[in-house]
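**Student:** Provided herewith is a single structure, encoded as structure tokens, for subsequent inquiry.
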Amino acid sequence: MNNLIVFPIEVNGKELNFILDSGVGATILFNINTKDSLQLNNVKKIKLKGLGSEEAIDAILSKNNRFSFKNIVSQNQNLYVVFDDSFDLSSKLGLTIHGIIGYEILKDFVIKINYNLKKVTFYKPESYNYKKCKKCETFNLELYKLKPYINIGAKLDPLTNEITPVKLLIDSGGSDAMWLFENTHPNIVVPKKFFIDFLGEGLSGTIHGKRAFIKGLVLGKFELRNPTVSFPDSISIANALQFKSRNGSIGASILKRFIVIFDYKNEIITLRKGTSFKEPFRYNMSGIELAYNGKLLVKEQDYSNIVLSNKEEGVMKSSVVLNYNYKYTFKPTYKIFKLREGSPAYRAGLQENDIVIKINGKYTYNLKLEEIVEKFYQKENKKIKLVIERNGKDYEYQFELENMLK
């Protein structure tokens, strides 16, 4: 979902779903409830500060925990537990996410990620052999506070091919292509064409900023043309700016275009073009951010016990009789949790907290969240028809996707 890597890890014997997030040094749990029955060892209360415009939040530090993943076992692991309900990735992604893990697993293995095959392979560093690869490019990593940074180039001036050197955090847990921080380099300025957008949620609240395109991103011999870039507001990234030489980050929308090999032991990362390398960069042109909104009991025809009959008293008939029953099934519902002001959906009259019942004639409860969101990234002028529920009544809306960066 959103090009993010989700996999199960057992924590003290309890299986939980984690996002592989190279942008975090600490392992963080944030969706634990009573039914998870997780045992935490050696705990103490602390404060955590992350991206977002709000204050530090209450958390628990737990030490000496046991992590296991298939035949991989790691003892004495530290983790942080956040109980703030507002930081809820599960509803945004449409599947249960219990936490994020980065350095604690990346430091012990060479990890190869093939986004197209949705495959992650773990290798022991001492036994991993690098093959000669003329189509690959290897970069040095700088590990600062347990997070990986890469030095690459950005084409920021639309009228020239000047390459500006930038130091970027490699953030596999961020679904955007690229963030750049204003005022960290004289050439890093917001392009003339931009719009204000919701960029995501951090530990310390909502992140807003400006969204635009730049001319290109240069990674050695690879060049990505016209990537989307976000310029987060300075309040939201105050914590990130503590690393003075950092200019921004690259996220999963960049990484998914490569086969990626992380090697923390040797402090290098290797990239090879993937099959989606030349895919155009897109963004959500609807202005709608959807979230999971609980389950709905839906009445459906049950075809599992259908009886087909084309015979009556030994005589063949031309008709077929279907005998079926009904069944009731819990299905997912989705709501608009953010709506970009001035966007096509906003101008059409949609509102935050509207429950989306249908999209382009299809009931949303038969679709995954990812399948719905993908429709907002289609080509410009694509028509979107929605049936929504608001205050117990159904309403129909229609709008066209609009490229606000032309």
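**Student:** Among the listed residues Ser236, Ser249, identify the single one that is among the polar types (S, T, N, Q), touching a residue at least 24 places away in the same chain (Cβ under 8 Å) and either touching a His at 6+ places or on another chain (Cβ under 9 Å) or outside any strand (DSSP E or B) (or both).
**Tutor:** Ser236
**Student:** Let me ask something additional. Run down Lys317, Lys299, Lys379 and say which single residue is part of a loop (DSSP other than H, G, I, E, B), modelled with pLDDT under 95 and more than 20 Å from Thr96 (Cα to Cα).
**Tutor:** Lys379
**Student:** Is there any pair with a first residue in segment 68-88 that is touching a residue at least 12 places away in the same chain (Cβ under 8 Å) and on the phi < 0 side of the Ramachandran plot and a second that is surrounded by 10 or more Cβ atoms within 10 Å (Cβ to Cβ) and among the aromatic types (Phe, Trp, Tyr) whose Cβ atoms are under 6 Å apart and which are 6 or more apart or on different chains, and what are they?
**Tutor:** Within 6 Å, the pairs are Ser74/Phe67; Gln77/Phe67; Val82/Phe30; Phe87/Phe30.
**Student:** Now for a different question. Tell me the residue from Lys327, Lys335 that is part of a strand (DSSP E or B), surrounded by 14 or more Cβ atoms within 10 Å (Cβ to Cβ) and not polar (S, T, N, Q), please.
**Tutor:** Lys335
**Student:** The conditions are (1) on the phi > 0 side of the Ramachandran plot; (2) touching a residue at least 40 places away in the same chain (Cβ under 8 Å), and Ile372 fails exactly one of them. Which is it?
**Tutor:** That leaves (1) as the condition not met.
**Student:** Do the conditions hold for Val373, that is, is it over 20 Å from Tyr283 (Cα atoms) and crowded, with 18+ Cβ neighbours inside 10 Å? Steps first, answer last, please.
**Tutor:** Numbers: over 20 Å from Tyr283 (Cα atoms): no; crowded, with 18+ Cβ neighbours inside 10 Å: yes.
When the stated conditions are applied, Val373 does not pass them.
**Student:** Could you go through segment 209-216 and let me know if any residue there is in the same structural domain as Gly251 (by TED's automatic domain parsing), free of Cβ contacts under 8 Å to residues at least 40 places away in the same chain and under 24 Å from the mean Cα position of the chain (by Cα). Write out each step before concluding.
**Tutor:** Here is the first cut: in segment 209-216, the residues in the same structural domain as Gly251 (by TED's automatic domain parsing) are 209-216.
When the remaining residues are screened for being free of Cβ contacts under 8 Å to residues at least 40 places away in the same chain, the result is 209-210.
Remaining after also requiring under 24 Å from the mean Cα position of the chain (by Cα): 209-210.
Yes, segment 209-216 contains at least one residue that is in the same structural domain as Gly251 (by TED's automatic domain parsing), free of Cβ contacts under 8 Å to residues at least 40 places away in the same chain and under 24 Å from the mean Cα position of the chain (by Cα).
**Student:** Another question, then. For Leu199, only one of the following conditions fails: (1) touching a residue at least 12 places away in the same chain (Cβ under 8 Å); (2) part of a loop (DSSP other than H, G, I, E, B). What is its number?
**Tutor:** (2)
**Student:** Search segment 376-406 for residues being under 25 Å from Lys192 (Cβ atoms) and in contact with a Leu (Cβ under 8 Å, 6 or more places away or on another chain), and hand back the single one that is surrounded by the most Cβ atoms within 10 Å (Cβ to Cβ).
**Tutor:** Phe376
**Student:** I would also like to ask the following. Are any residues in segment 126-179 more than 27 Å from the chain's Cα centre (by Cα), surrounded by 14 or more Cβ atoms within 10 Å (Cβ to Cβ) and of a type outside the set (Ser, Thr, Tyr), and if so, which ones?
**Tutor:** The answer is Asp157, Ile163.
**Student:** Hey, another quick one. Being of a type in the set (D, E, K, R) and either in a strand (DSSP E or B) or under 18 Å from the mean Cα position of the chain (by Cα) (or both) is the filter; apply it to segment 217-233 and report the residue that is nearest to Lys134 (Cα to Cα).
**Tutor:** So the residue we want is Glu223.
**Student:** Among the numbered criteria (1) among the aliphatic types (A, V, I, L, M); (2) within 21 Å of the chain's Cα centre (by Cα); (3) more than 30 Å from Ile357 (Cβ to Cβ), which one does Ile288 miss?
**Tutor:** All conditions are met except number (3).
**Student:** Can you find even one residue in segment 171-184 that is in a loop (DSSP other than H, G, I, E, B), more than 20 Å from Arg246 (Cβ to Cβ) and at pLDDT 95 or above?
**Tutor:** no
**Student:** Which of (1) at pLDDT 80 or above; (2) outside any strand (DSSP E or B) is the odd one out, the single condition Ala59 does not satisfy?
**Tutor:** (2)
**Student:** Hey, among the residues in segment 222-263 that are at pLDDT below 95 and of a type in the set (Val, Ile, Thr), which one's surrounded by the fewest Cβ atoms within 10 Å (Cβ to Cβ)?
**Tutor:** Ile235
**Student:** Restricting the search to segment 80-125, which residues are exposed (fewer than 15 other Cβ atoms within 10 Å of the Cβ) and of a type in the set (Gly, Ala, Ser)?
**Tutor:** Result: Ser86, single match.
**Student:** Follow-up. Out of all the residues in segment 341-352, which are surrounded by fewer than 20 Cβ atoms within 10 Å (Cβ to Cβ) and either among the basic types (Lys, Arg) or touching a residue at least 24 places away in the same chain (Cβ under 8 Å) (or both)?
**Tutor:** Of everything in segment 341-352, those that are surrounded by fewer than 20 Cβ atoms within 10 Å (Cβ to Cβ) and either among the basic types (Lys, Arg) or touching a residue at least 24 places away in the same chain (Cβ under 8 Å) (or both) turn out to be Glu341, Gly342, Tyr346, Arg347, Ala348, Gly349, Gln351.
**Student:** State which residue is modelled with the lowest pLDDT when the search covers only segment 21-35 and only residues that are farther than 14 Å from Asn78 by Cα and surrounded by 14 or more Cβ atoms within 10 Å (Cβ to Cβ).
**Tutor:** Filtering segment 21-35 for residues that are farther than 14 Å from Asn78 by Cα and surrounded by 14 or more Cβ atoms within 10 Å (Cβ to Cβ), the one modelled with the lowest pLDDT comes out as Asn31.
The values are calculated or read from the model by the stated rules, or taken from the named source; none is laboratory data. Note that this is a predicted model, so its numbers are computed, not measured. Please note: Cβ atoms are built from the backbone with ideal geometry, for glycine as well, and neighbour counts cover all protein chains shown.
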